[in-house]
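What follows is one structure encoded as structure tokens, with my remarks underneath.
The values are calculated or read from the model by the stated rules, or taken from the named source; none is laboratory data. Computed from a predicted model, the values in this text were never measured in an experiment. With ideal geometry, Cβ positions are generated from the backbone for all residues, glycine too; neighbour counts draw on all protein chains shown.
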Amino acid sequence: MDRIITITRWLALAFWRRFGRGGSSGSQGILLVFSVLILVRYLVALHKAAGELAQTKPALFESLLVGILLIWMFPLLGNASANVATRKLMHLPLSRLELFCIRLLALFFPPSSWAILAASLAICYPIARARNPLIGMIAAICFICFSALTGVAIVHLLRLRLFRQLFFTTLLLASSLILYFGYNHGQLRVASLPSFTPVVLVTRAAMGSWLAVTELALLAAAAFIGGLWAFNRTLEITAKPRSQKFRVLSAFRLPGAIGGLITKDFRYFRRLLDPSLGVLVAIVGCLYLIAAEVTSATLVQIFVLTLIACNTPLAFNSFGLDNRATMDRLKLMPLTGRTILAAKNIAFLMVVGAQLAPVIVLSYWRLGVFVTSLTLAGAAAMTAMYLTWGNWQSINYPFKMHFYQFSSSSGSLVEAIAGIGFGSLPGVIAIYAMRGSKFDAAWKLALTLSFSGALYLVSLQRAATRYRQRHDRIASALG
């Protein structure tokens, strides 16, 4: 036990040193903005759930439990350094159980984990109004442990290709079904869930069932065993050669030297989890355009703005998924900095374009050619502005990111938040312009697109010059 505490303490000190060095990602700024909004709604929902639970109406209470179960995934998926640090401890005389305990303690290094833990424990407030609050609080603690341990197991299993494909396919299908069938006047209908699910077990415990507490404790123990198995299963896993994993993708390789760079960057960008948020926004937007009786051009523009913003880590830290060996190879190649940055920008356009395409097609169907053309112009202007800011930030503030993780930040979020505001400005202009006449909206968006495109071209040239000067520093940051 002393060895676990000592090693964890030093790992925590190393984490906080990295945290204070600076550097930020776009998703961190987005999550910060949305976290403040969600916190306000969460506090209001807690008060309302307390009153409903006292009247034996657990629908809202169980909805909050579902949110707690899902939210525990984010600090795990965003704390890639904990996975890397644990793998580096394998040369020490530590058992797999001790390594797993260190991995669990490392979960609480980021401040976001403490915020999520505090929000999770706040679920005890509505339980205090239930029939048997003591038993309910014990069950809630077991449920929080189950949520965190399940998240640990899923994060490690995401390193397995087969599980990754099954997980994301199931997640997309479940999200689509829940969004289409699961809402009733804005509230998720979880009352019809089976009685053996963890969410319903907490409700049963709050009503005085000790059997539900026992079942939750067993589920938490099973989650611990499953997490330990997944941790052992993936601790020494090695990546397959690229020729075995990307045969289909290599068939679509673009011609020329820049084509190879674009293919490589697109493949890397697909393996970051932040674009999955953009996919989820695209699904919601498509369902809205299909199911809504009356569609709003403003709401579609908001969907487009949010979708592009979810992919900002790809623009704000475009070198983050490379390593030092890759940077050395780029230095040896007869390529200019402008070509290298343009390849990364085109790969970013491919990711955003793939997510945006179904929304644009459905928008043509529901809103017409003119409105959709204006929406597409606003999206192009936002993309240019995000890349303008992103090229500058990628050169000056690079930091290492990891595959199959959400992009993590090692410092201040000021640059990321400023970049989100800068990049979203054309989208805001488009929202207000489309409220006026068609002619006014057309010339305003044309002017915005022209300015954004010119600014991007100037920034690309300046960033390319800066890249030659800071190549070694970028390589060191990624090493």
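Of note:
- For segment 241-248, the criterion of being among the small types (Gly, Ala, Ser), in a loop (DSSP other than H, G, I, E, B) and either closer than 30 Å to CYS101 by Cβ or modelled with pLDDT under 85 (or both) is satisfied by no residue at all.
- Selection within segment 429-442 - surrounded by 15 or more Cβ atoms within 10 Å (Cβ to Cβ) and in contact (Cβ under 8 Å) with a residue 60 or more places away in the chain: ALA430, ILE431, MET434, ALA441, ALA442
- The single condition among (1) more than 26 Å from ALA475 (Cα to Cα); (2) part of a helix (DSSP H, G or I); (3) among the acidic types (Asp, Glu) that GLU293 does not satisfy is (2).
Condition check ((1) among the hydrophobic types (A, V, I, L, M, F, W, C); (2) at pLDDT 85 or above; (3) in a helix (DSSP H, G or I)) across all residues:
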{"residue": "TRP389", "(1), (2), (3)": "yes, yes, yes"}
{"residue": "TRP392", "(1), (2), (3)": "yes, yes, yes"}
{"residue": "MET401", "(1), (2), (3)": "yes, no, no"}
{"residue": "PHE422", "(1), (2), (3)": "yes, yes, yes"}
{"residue": "PRO426", "(1), (2), (3)": "no, yes, yes"}
{"residue": "LYS444", "(1), (2), (3)": "no, yes, yes"}
{"residue": "GLN461", "(1), (2), (3)": "no, yes, yes"}
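- Qualifying position, being under 19 Å from PHE167 (Cα atoms), touching a residue at least 40 places away in the same chain (Cβ under 8 Å), among the β-branched types (Val, Ile, Thr) and out of contact with any His (no Cβ under 9 Å at 6 or more places or on another chain), among ILE302, ILE308, ILE283: ILE283
- Test: residue in segment 360-376 that is of a type in the set (Val, Ile, Thr), in a helix (DSSP H, G or I) and within 30 Å of LEU478 (Cβ to Cβ): no
- Figure legend. Inter-residue proximity from segment 356-368: first residues farther than 16 Å from GLY378 by Cα, second residues surrounded by 14 or more Cβ atoms within 10 Å (Cβ to Cβ), beta-carbon distance below 6 Å, spacing 6+ or different chains. Indicated pairs: PRO358/CYS286; LEU362/CYS286; LEU362/LEU289; ARG366/LEU289; ARG366/THR295.
- Residue count for segment 169-207 satisfying the condition of being surrounded by 14 or more Cβ atoms within 10 Å (Cβ to Cβ), at pLDDT 70 or above and not basic (Lys, Arg): 10.
Residue-by-condition table, conditions (1) modelled with pLDDT under 85; (2) under 29 Å from ALA205 (Cβ atoms); (3) out of contact with any Phe, Trp or Tyr (no Cβ under 9 Å at 6 or more places or on another chain):
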| position | (1), (2), (3) |
| --- | --- |
| ALA49 | no, yes, no |
| HIS91 | yes, no, yes |
| PHE108 | yes, yes, no |
| SER120 | no, yes, no |
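- Restricted to segment 1-46, and to residues there that are touching a Leu at 6+ places or on another chain (Cβ under 7 Å), under 29 Å from ALA418 (Cα atoms) and not in a loop (DSSP other than H, G, I, E, B), the residue that is modelled with the highest pLDDT is LEU32.
- Within segment 44-65, residues that are in the same structural domain as PHE143 (by TED's automatic domain parsing) and basic (Lys, Arg) sit with their Cβ atoms under 8 Å from residues that are buried (at least 18 other Cβ atoms within 10 Å of the Cβ) and assigned to a helix (DSSP H, G or I), at 6+ positions apart or across chains, in these pairs: LYS48/LEU60.
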